[in-house]
Amino acid sequence: DLATALNDRGQIKYFRVEFAAAMEDYTAAIQCQPAFEVPYYNRGLVLYRLGCFDEAMKDFRKVLELNPQFEDAALSLKQAILDKEEKQKRGY
């Protein structure tokens, strides 16, 4: 389906380190199928790598709302929280 295709295209762009383009595809996949948790997770990973921890945590929380068994999202959320706290301690 279209949401899966958009997500998959976003993955290709993510692996090419084309983060802005990947996020566009993930967001389009979400708009196409809002209950599909995978593009939220993938977009959260990009946001995390860009240091946008609040936005990443929002996406990871949405994944867990849609699928509480999504372990990678739970781990990524914990890591984003820790990294945000560390960033704040260092005064960034």
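Roll a 1.4 Å probe over the protein chains and send me the accessible area per residue for the range 25-92 in Å².
For the range 25-92, the per-residue accessible area is 60 Å².
Give me the base-10 log of I(q)/I(0) for the range 41-92 at each q in 0.13, 0.22, 0.32 Å⁻¹, Debye formula, one uniform scatterer per Cα, rounded to two decimals.
Debye curve over Cα of the range 41-92, log10 I(q)/I(0) at q = 0.13, 0.22, 0.32 Å⁻¹: -0.27, -0.69, -1.20.
If we sort 1-11, 63-73, 33-43 on the protection proxy, mean other Cβ atoms within 10 Å, highest first, what's the order?
Result, highest mean Cβ count within 10 Å first: 33-43, 1-11, 63-73.
At a Cα cut-off below 24 Å, give the lysines reachable from Lys13, other chains included and same-chain residues fewer than 8 away excluded.
Partners found: Lys58, Lys62.
Please report, for the Cα atoms of the range 2-90, the Rg to one decimal and the Dmax as a whole number; what are they, in angstrom?
Cα only, the range 2-90: 12.7, 43 Å (Rg, Dmax).
Among the aspartates and glutamates, select those whose C-alpha is under 14 Å from the C-alpha of Lys84, and discard any that sit fewer than 8 residues away in the same chain.
Straight-distance partners of Lys84: Asp54, Glu55.
Probe radius 1.4 Å, ligands and nucleic acids ignored: give me the carbon and sulfur share of the accessible area of the chain as a rounded percent.
The computed percentage sits at 53.
Which whole-number percent gives the relative contact order of the range 2-90, counting Cα pairs below 8 Å spaced six or more residues apart?
After rounding, I find 21 percent.
The values are calculated or read from the model by the stated rules, or taken from the named source; none is laboratory data. On a predicted model such as this, the values are computed, not experimentally measured, just so you know. Please note: Cβ atoms are built from the backbone with ideal geometry, for glycine as well, and neighbour counts cover all protein chains shown. Just so you know, the surface numbers come from the protein's heavy atoms only, side chains and all, with ligands and any DNA or RNA stripped out. Shrake-Rupley method; radii C 1.70, N 1.55, O 1.52, S 1.80 Å.
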